[in-house]
Every structure is written in C-alpha cells, then in structure tokens.
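Visitor: The structure that follows is given in the form of structure tokens.
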Amino acid sequence: MNPVRPFALCVALLALALGTATSSRAADDPPPKGQRVFSAGHSFHVFMPAILTDMARSAGIKNHTQVGISSLGGSRTIRHWNLPDDKNKTKIALKEGKVDVLTLSPIFHPDEGIDNFTKLGLEHNEQLRVLVQAFWLPFDVYDVNYQKKRPERVDRNTRTVEQMKTIHAEYFTSVDDQVQALNKKHGKRVVFIVPVGQAAILLRGKIIEGKAPGLKSQEDLFRDAIGHAHPPLQVLTAYCHFAVIYRRSPVGLSVPVVLKNAKNPDWNEKLNTLLQELAWEAVTSHPLSGVKAKKNP
C-alpha cells in the first residue's frame, strides 16, 4: 500500500471532524492577496490592527499592510471625519488611493462619518471595502447617552445568553440598517459588518457552559466596568476581522503573540482554537459580513 494514502486519509478525517470551518482554508489554497488596511476607531478597536498583522503573517499572507490608524477614545466615526484635513490621516490615506479596506468602529448608529468616509474612499478606489465593527455594548447595556451619565456597574456573570441577545438586539439592528442603506445608496456591496459583538456573546455562552478553556467567568474577558478587552476578547475581535477581510477561516493559525505575551498558561492552543471557531461561526452566520462557509463536498 502507498504509505502516503493512510496519512492523507487521516488528514481528511481530521478535517471532516473539525467541520466546515476548515473547508475554506484547504492546504492547496494559495494565501490570498495582502490587503492595505486603514483603521479608525476607539479603544474597543484600535488594538486590533497589530493582532491582525500577526495573524496575516501566520497565514502566510504577503504584503498585508497596516497603512495607518486614527485613534480617538470613546469616538463616533464622525469625530474622525471632523478632524482638520491637514491632520486627518484617514482622509489623506483614502485620497491617495492607498487603502483597500477601511475598518471603522462607531459607537452607536446612524453615524454620518461612515457615510462620508465611504463616499470619499470610493472616489479614489472603486474597489474599496468598508468594514463596520459591531461591538459588545459598554457596561453591558444599550444606552446611547452612557457617555453623559455612566450606568451603574453590571455584574456580567449574572447575564444569560438570551439576556445578552435581548440587550444587544436594538443595537445590532441599527448597525444592519445603516449598512444596508449605504449599500443600496451606492448600488453595490461596499460596506460590510464585522460581527464582533455576536462573537462575544457566543464566547460568553461557552464560558457559562464551562466550555471555554482558560476562562472561568464572563468578567475574565474585561479589564473594567465599561468593557475594555482582555487579550482573549482582543484576539476574538481580530479573528473576526481576519475572516471578513480575507474571507477565509482563521482555524489553524498559530497562537497570536498577544496571547503568548499575556503569560497566562491557560490561554493556550485550546482557547485559541475556540476563538477561531467562534469568530468563523459569527462571521459566516451574519448576512452582511460578505462571507459564507464552504460546504463539505
């Protein structure tokens, strides 16, 4: 018997066991073309570009380039748009046609800044894709005025998955509505959703079930009451962006540097695999992500 065949059969069975998520990154699929990415957002987003670059390197993607970052704490996208033109790094990069993918992280919707950047970007690159991050809600409540009057601290460990879905429902709908309206306006799909908030709910559900290696409570994902992310949630965010930008599953990529540097032995390969799988599930389940899982033959 050809010794290669049993090995190949084992590989095939393993891939089948891992499910459809692995089907989009078959061994014979060449790495996709590297994208030029610019990111504008707040503290629930601006950690993502460095992690994304690490993931692209792990995936063997050449010429992935982080063109620049516009970071404003607690910002709506319109604040990035309203920066003086001579200091507006986002506008400058878009006008130079240097950007293939623009990632944004509005707080609440509608946000006129998304409309403005999309229009400007398309004028200089007809193939531009604009990614809007749907995130986990600050303080675990839907309150568009939270910056004026901070809500009382919520014990996230008491939340059920159904409660989280209910709390986020109106917010998620507002994101969908603006993205759909923009795509209709431009006559094509140019704006896409990165469903980070949905992935976070999936992860919190796994924690509740006791099926999230290295995470004992929902609070383990957050550094403070408002919800700044610990490394596992940061990595989940970046995997969602990787999946939307490169339209392939992150399952199988190596543990990102940010998890390794956390020096927590429980944040290992098992947790990393779970984060990859949940990111891919969230992205392929969202109708506005632009990504669908390939079916097994």
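Visitor: So which of Gln234, Gln178 is of a type outside the set (Val, Ile, Thr), modelled with pLDDT of 95 or more, closer than 24 Å to Gly73 by Cβ and touching a Pro at 6+ places or on another chain (Cβ under 6 Å)?
Guide: Gln178
Visitor: Just to be sure, is Thr237 without any contact (Cβ under 8 Å) to a residue 40 or more places away in the chain, on the phi < 0 side of the Ramachandran plot, surrounded by 17 or more Cβ atoms within 10 Å (Cβ to Cβ) and polar (S, T, N, Q)?
Guide: No: the conditions fail for Thr237.
Visitor: Considering only residues that are basic (Lys, Arg) and out of contact with any Pro (no Cβ under 6 Å at 6 or more places or on another chain), look in segment 60-101 and name the one that is nearest to Val144 (Cα to Cα).
Guide: Arg79
Visitor: Kindly indicate which of Lys184, Lys91 is loosely packed, with under 15 Cβ neighbours inside 10 Å, modelled with pLDDT of 95 or more, basic (Lys, Arg) and part of a helix (DSSP H, G or I).
Guide: Testing whether each residue is loosely packed, with under 15 Cβ neighbours inside 10 Å, modelled with pLDDT of 95 or more, basic (Lys, Arg) and part of a helix (DSSP H, G or I) leaves just Lys184.
Visitor: Does Asp115 meet the test of being closer than 30 Å to Phe222 by Cβ, in a helix (DSSP H, G or I) and acidic (Asp, Glu)?
Guide: Considered against the rule, which asks whether it is closer than 30 Å to Phe222 by Cβ, in a helix (DSSP H, G or I) and acidic (Asp, Glu), Asp115 comes out as no.
Visitor: Now for a different question. Give segment 276-295 a look and list any residue that's outside any helix (DSSP H, G or I), out of contact with any Lys or Arg (no Cβ under 7 Å at 6 or more places or on another chain) and modelled with pLDDT of 95 or more, or say none.
Guide: His286, Pro287, Leu288, Ser289
Visitor: Shifting gears a bit: Filter segment 136-149 down to residues that are free of Cβ contacts under 8 Å to residues at least 40 places away in the same chain and in contact with a helix residue (DSSP H, G or I) (Cβ under 8 Å, 6 or more places away or on another chain), then give me how many there are.
Guide: 3
Visitor: Turning to a different aspect of this structure: Taking only pairs six or more apart or across chains, which ones have beta-carbon atoms under 7 Å, a first residue in segment 161-184 that is within 11 Å of Val132 (Cβ to Cβ), and a second residue that is among the polar types (S, T, N, Q)?
Guide: Partner pairs satisfying both residue conditions: Leu182/Thr118.
Visitor: Next question, about the same structure. If I ask for residues that are within 22 Å of His230 (Cβ to Cβ), over 16 Å from the mean Cα position of the chain (by Cα) and either surrounded by fewer than 20 Cβ atoms within 10 Å (Cβ to Cβ) or touching a residue at least 40 places away in the same chain (Cβ under 8 Å) (or both), which ones from segment 258-297 would you list?
Guide: Lys260, Asn261, Ala262, Lys263, Asn264, Pro265, Asp266, Trp267, Asn268, Glu269, Lys270, Leu271
Visitor: Follow-up. Val255 is checked against (1) part of a loop (DSSP other than H, G, I, E, B); (2) under 26 Å from His42 (Cα atoms); (3) in contact (Cβ under 8 Å) with a residue 40 or more places away in the chain; (4) β-branched (Val, Ile, Thr) and fails just one. What number does that condition carry?
Guide: Among (1) part of a loop (DSSP other than H, G, I, E, B); (2) under 26 Å from His42 (Cα atoms); (3) in contact (Cβ under 8 Å) with a residue 40 or more places away in the chain; (4) β-branched (Val, Ile, Thr), Val255 violates only (3).
Visitor: Going through Thr273, Thr237 one at a time, which residue ends up being out of contact with any strand residue (DSSP E or B) (no Cβ under 9 Å at 6 or more places or on another chain) and among the β-branched types (Val, Ile, Thr)?
Guide: Among Thr273, Thr237, only Thr273 is out of contact with any strand residue (DSSP E or B) (no Cβ under 9 Å at 6 or more places or on another chain) and among the β-branched types (Val, Ile, Thr).
Visitor: Criterion first (within 19 Å of Leu288 (Cα to Cα), touching a residue at least 60 places away in the same chain (Cβ under 8 Å) and not aliphatic (A, V, I, L, M)) does Thr118 satisfy it?
Guide: It is true that Thr118 is within 19 Å of Leu288 (Cα to Cα), touching a residue at least 60 places away in the same chain (Cβ under 8 Å) and not aliphatic (A, V, I, L, M).
The values are calculated or read from the model by the stated rules, or taken from the named source; none is laboratory data. Keep in mind that this is a model prediction, so the values were computed, not measured. Methodologically, a virtual Cβ is constructed for each residue, glycine included, from the backbone with ideal geometry; neighbour enumeration extends over all protein chains shown.
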